[in-house]
Amino acid sequence: MLKPTPFHSRTGPLCQGHSWANWAGFLAATTYEPDHLHEYNAVRTGSGLFDVSPLFKYDIRGRDALATVNRVAVRDLSKSRIGQVYYSVWCDDKGMVIDDGTISQLGEDHFRITAAIPTLAWLQDNAIGLEVTIEDVSEQFAGVALQGPTSRDMLQSLTDVDLSSLRFFRCTDGKVAGAPALISRTGYTGDLGYEIFVGPDDAESLWDAMMEAGGKFQMLPAGLATLDLVRIEGGLLGIDADFTSALQTMFPVQKLSVYDLGLGWMIKANKSFFVGRDALRREKASGSRYDTVGLELDVTVLEKVYAEYGMPLHLPYTSWNSAVPVFSDEPQKHHIGRGTSGMWSPVLKKYIVMARVKPEYAKLGNLIWIEDVVESHSYSIPARVVKMPFYDPPWKKA
Amino acid sequence: MAQYDVIIIGAGHNGLVTAAYLAQAGRRVLVLEKRDTVGGAAVSEEIFPGFKISSVADGCGYLSAKVRRELKLDARVETVPSDVVAFCPQPDGTQLTIWRDTQRTAEEIARFSKADAEEYPKFVELMSRIADVVGGLMEMTPPDLPEISLRDLLNGAALLGPVRRLGRKRIPDLLRILPMPSADLLNEFFEADAVRGAIGASSVLNITWGPQENGTAYTLLSSWAQSGTGLFRSAGVVKGGMGALTGALADAARGFGAEIRTGASVSEVIVADERATGVRLSSGEEHTAAAVVSNADPRTTFYELLEPHYFDTLFVRQVENIKYRGSAARIHLALSALPEFTALAGGDATAQLSGPIQIAPSLDYVQKAFDCTKYGEYSRYPYLDLLIPTLSDPSLAPAGQHILSITAKYAPYELDAGDWSAHKQSFADVVIDTLAEYAPNIRDVITDRHVLTPPDLESLYGLPEGNPNHGEMTLEQFFHMRPIPSCARYRTPIAGMYICGAGAHPGGGVTGIPGHNAAREILKDSK
């Protein structure tokens, strides 16, 4: 039985098609309206309001809190300050990625980690011998993500916190609509946006205040269908879409390293020990199996394929998340990797794909081919390697 | 340049053995001991005025003949062997004595079972052969599995002799016996409870299991392999007590040029660029060295001297999962006269009493004693291992008086009823009551008593959970799995950092072999 989130009394009636998905055991709306397009446009031109309560959240407190998170995270948190938020992956001893999430420093000896999968055991394993307490606070907080170009102005109308001084990847305590909240300038949309966490008892009043204020800011509640579109545009990895947690793969070949996922930038050469460091060093020296790249498909070729069948061009208006073969050449079809997530981007007017390819094919501008199936026939569509994030508006970090 | 070639943390017997070997090889060695005396768990202390008591390790230990010879210890310390390997009084007032001599023992056994008396020599022969194979593993550095090297294979050649002597036909016996419960093994050979108890008790003397648990046949063999008696346990005392042995080791190490400092508590190993470069004392003083060796147990070494966040998750988890589980209390009694065992009434008791004395009349008795630990209780009818060292070395006590040292099992580290301090005297009463059933005068001759529970052993002697062996010496924590697979070769993931204590292969028992093996590997690395 899926559980309702603390916002369910409000999101329930709004979810017109009852299109609920399972997010970590909670009911999560896929779309509120029958189609996601309004919601998508709201995120890119106004704001979208996402219920992100199902995120796993862990508090790490104590003398060795920093040592613990710095041991787990691939990124170097040694210079973290209170109010700072890091996006990081964490990996196993072999450098294979387990999960990604944010790590916020909330106090001198207090960090909070958000995660997509249950992570308590992993954190406890890594805290053996360290002076910390680790608490699963997942259900102690209800969370919304308010994301989009109007999100700052809108949130400012509900809080005394001066949001103009809250920089990208910073967080602060403050009251939102009268309720004590943690305001974090983070999100999963590649846009300007905030995540706001309150106690479950304040969830409904927060939602009501947001909905009431939202009218002036072109805000709509938005569901997971939109979230997956905007995160692909934002070049953000999705667990179980672009990678599988190393703790959940069936076979070693399915595990992916930090470098395989194109996240080598997270690794600082002189960082003290972290889990997976030695394996990643060896991998850096000997080379990785993959790199992760953005692809832009040549839709004119796709259009011609459809034309052969007397059909108009069809594009993926919702995202796909499956392993699609990628080739280095045509017609020989040398297999070099796979597309993992793809979509037609309404804001970019482009067919974009996140892909994992052999590193020698990862150069920007490289021409490669990706499989598409039209009328059950397989075709190779040319695509260029392009920079990620695909969509990176100037107001995201401003 | 570093001040020392090697700094050894802890002057337990293994630390001293490592120090002696390294100094003998010309290395500049500093040994730092937290306590005011060297010896670690192999010490003699004046617990009662005028009595020199081997507080933790007792008897003559299992010191390797090779170590004794190579470090020239015979000139420095004397052991007094005993002919009696185990004197076993029975509840019905009879007794069984296991002598070094097989024939003499068989005659004793015949009083309990003719069939057992016939089996006994065959059993001793088989077990000795198998023990030789197990013993062959002791002085080896465990191989790096599964990446076994040519050198490891060559080291394995040491096993060829023992395996050949065992004979091809008996290799299946070896493989079958190792993981067996000792009770099953002994039940195959013997029918008399007294015989099974006398031999099988040693299989669990140093571990927290009962004889009906799998793998206890291995622990019996492990003890057999190192006993020096050709039987299942060592027998004898070190003249002057255990402290004389470690004192001799310290003298030997100093003689080779090692520097030993007591009262020097190391707070951490200094690690720079993932290499151990020295140590910091709790006084703040620092010393540098090319290599650092820990004689402490693995958990203390990796969690306290080093930092757990230096290591992989799997490594830390494996260290966390090392079974320590101490379950024996040490009880020392000062006696005004010898205990009078009913079973020896009317004769001269001193011969039988000068060796180990076992209150373990059957394996069921021992198993029942063990069962309590599963529920966090101490045994109501404990299995007792006793020694009266003053019969072999009267100098340990004032004239005419005696020491009775008892290893009392089972006393689990964690008592369900709460803190041990509120229960240790009542457990000691249970022990003395039990003893009184075999030696009724015992209460009248006790002039003083001293009780060390597992938490006491932990806090006073640095033995986590009160386990004297720095981790259970069970089959799954043996050889390449001791203390955990990735540091079974005395090296650790931190370059220049080694372990040499009982937590390393082949384990505890005052053998000196972990220290000997560690020194060999350190010398290999520093050539």
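Read-outs: derived from the displayed coordinates by stated rules, not from any lab. Here the structure is a predicted model, which means the values were calculated and not measured. Glycine also receives a Cβ, built like all others from the backbone with ideal geometry; neighbour counts cover every protein chain displayed.
Output the residue which, of all residues in the stretch A:318-343 that are within 19 Å of the chain's Cα centre (by Cα) and surrounded by fewer than 16 Cβ atoms within 10 Å (Cβ to Cβ), is farthest from A:LEU261 (Cα to Cα). Per the stated criteria, the residue is A:TRP320.
Which of the residues belonging to the stretch A:106-122 are over 21 Å from the mean Cα position of the chain (by Cα) and within 14 Å of chain B (Cβ to nearest Cβ)?
The answer is A:ALA121, and nothing else.
Of the listed requirements (1) among the polar types (S, T, N, Q); (2) in a helix (DSSP H, G or I); (3) more than 19 Å from B:ARG35 (Cα to Cα), B:THR301 misses just one: (3).
Within the stretch B:302-325, no residue satisfies the criterion of being facing chain A (nearest Cβ under 7 Å), of a type in the set (A, V, I, L, M, F, W, C) and farther than 18 Å from B:PRO485 by Cβ.
Just to confirm my filter: which helices (runs of 4 or more DSSP H) fall fully inside the stretch B:136-238 and include at least 3 residues that are under 23 Å from B:GLY61 (Cβ atoms) and of a type outside the set (A, V, I, L, M)?
The qualifying helices (runs of 4 or more DSSP H) are B:216-226.
Of all residues in the stretch B:493-508, those that are surrounded by fewer than 24 Cβ atoms within 10 Å (Cβ to Cβ) and more than 23 Å from B:ALA289 (Cα to Cα) total 0. Evaluation of A:THR189 against the conditions (1) surrounded by fewer than 24 Cβ atoms within 10 Å (Cβ to Cβ); (2) more than 14 Å from every other protein chain (Cβ to nearest Cβ); (3) not aromatic (Phe, Trp, Tyr) shows that the sole unmet condition is (1). What residue, of B:ASN441, B:ASN467, is closer than 27 Å to B:PRO308 by Cβ and not small (Gly, Ala, Ser)? After ruling out the rest, the residue left standing is B:ASN467. The strands (runs of 3 or more DSSP E) located wholly in the stretch B:1-84 that include 2 or more residues which are touching a helix residue (DSSP H, G or I) at 6+ places or on another chain (Cβ under 6 Å) occupy B:4-9, B:29-32. The number of residues in the stretch B:277-306 that are in contact with a Gly (Cβ under 7 Å, 6 or more places away or on another chain), buried (at least 23 other Cβ atoms within 10 Å of the Cβ) and farther than 20 Å from B:ILE260 by Cα comes to 1. The set of residues from the stretch A:87-96 being in contact with a Ser or Thr (Cβ under 7 Å, 6 or more places away or on another chain) and away from chain B (no Cβ under 14 Å) comprises just one member, A:TYR87. Just so you know, in the stretch B:271-301 the residues that are within 14 Å of another protein chain (Cβ to nearest Cβ) and among the β-branched types (Val, Ile, Thr) include one that is nearest to B:THR492 (Cα to Cα), and it is B:THR301.
For beta carbons closer than 6 Å, sequence separation of 6+ or different chains, a first residue in the stretch B:170-186 that is over 15 Å from B:SER128 (Cβ atoms) and a second that is part of a loop (DSSP other than H, G, I, E, B), the qualifying pairs are B:PRO179/B:ASN214; B:PRO179/B:GLY215; B:PRO181/B:GLN212; B:PRO181/B:GLU213; B:PRO181/B:ASN214; B:SER182/B:PRO211; B:ALA183/B:PRO211; B:ALA183/B:GLN212. Taking the listed residues B:ARG168, B:ARG196, the one that is of a type in the set (Lys, Arg) and farther than 25 Å from B:SER113 by Cα is B:ARG168, with no other qualifying. Here B:GLU268 qualifies as without any contact (Cβ under 8 Å) to a residue 60 or more places away in the chain, under 26 Å from B:LEU32 (Cα atoms), touching a strand residue (DSSP E or B) at 6+ places or on another chain (Cβ under 8 Å) and within 14 Å of another protein chain (Cβ to nearest Cβ). Among residues of the stretch B:437-463 that are at positive phi, those with a Cβ under 9 angstrom from a residue that is buried (at least 21 other Cβ atoms within 10 Å of the Cβ), sequence gap 6+ or separate chain, pair up as B:GLY462/B:GLY10; B:GLY462/B:GLY12; B:GLY462/B:GLY40; B:GLY462/B:ALA41; B:GLY462/B:ALA296; B:GLY462/B:ASP297.
In the stretch A:230-245, of all residues being among the β-branched types (Val, Ile, Thr) and either under 16 Å from A:ALA355 (Cβ atoms) or assigned to a loop (DSSP other than H, G, I, E, B) (or both), the one that is farthest from the other protein chains (Cβ to nearest Cβ) corresponds to A:ILE232. If you go through the stretch A:177-199 and keep only what is outside any loop (DSSP other than H, G, I, E, B) and either over 24 Å from the mean Cα position of the chain (by Cα) or of a type outside the set (Val, Ile, Thr) (or both), you end up with A:ALA179, A:PRO180, A:ALA181, A:LEU182, A:SER184, A:GLY193, A:TYR194, A:GLU195, A:PHE197.
Just one of the listed residues (A:LEU227, A:LEU302) is of a type outside the set (Ser, Thr, Tyr), surrounded by 21 or more Cβ atoms within 10 Å (Cβ to Cβ) and more than 14 Å from chain B (Cβ to nearest Cβ), namely A:LEU227. Would you say A:ARG277 is within 14 Å of chain B (Cβ to nearest Cβ), under 30 Å from B:GLU274 (Cα atoms) and not polar (S, T, N, Q)? Yes: the conditions hold for A:ARG277. Exactly one residue out of B:LEU435, B:LEU415, B:LEU363 is surrounded by fewer than 23 Cβ atoms within 10 Å (Cβ to Cβ) and farther than 21 Å from B:VAL43 by Cβ, and it is B:LEU415. It is to be established whether one or more residues within the stretch B:141-156 are in contact (Cβ under 8 Å) with a residue 24 or more places away in the chain, surrounded by 14 or more Cβ atoms within 10 Å (Cβ to Cβ) and closer than 27 Å to B:THR350 by Cβ. Within the stretch B:141-156, none of the residues are in contact (Cβ under 8 Å) with a residue 24 or more places away in the chain, surrounded by 14 or more Cβ atoms within 10 Å (Cβ to Cβ) and closer than 27 Å to B:THR350 by Cβ.
Residues of the stretch A:93-135 that are under 30 Å from B:THR300 (Cβ atoms) and in a strand (DSSP E or B): A:ILE98, A:HIS110, A:PHE111, A:ILE113, A:THR133, A:ILE134, A:GLU135.
Among the residues of the stretch B:353-403, which ones are closer than 24 Å to B:LYS424 by Cα and β-branched (Val, Ile, Thr)? Once the filter is applied, which keeps residues that are closer than 24 Å to B:LYS424 by Cα and β-branched (Val, Ile, Thr), the stretch B:353-403 yields B:ILE357, B:ILE359, B:VAL366, B:THR373, B:ILE388, B:ILE403. Of A:ALA177, A:ALA127, A:ALA142, all but one fail to be more than 14 Å from chain B (Cβ to nearest Cβ), on the phi < 0 side of the Ramachandran plot and hydrophobic (A, V, I, L, M, F, W, C); the exception is A:ALA142.
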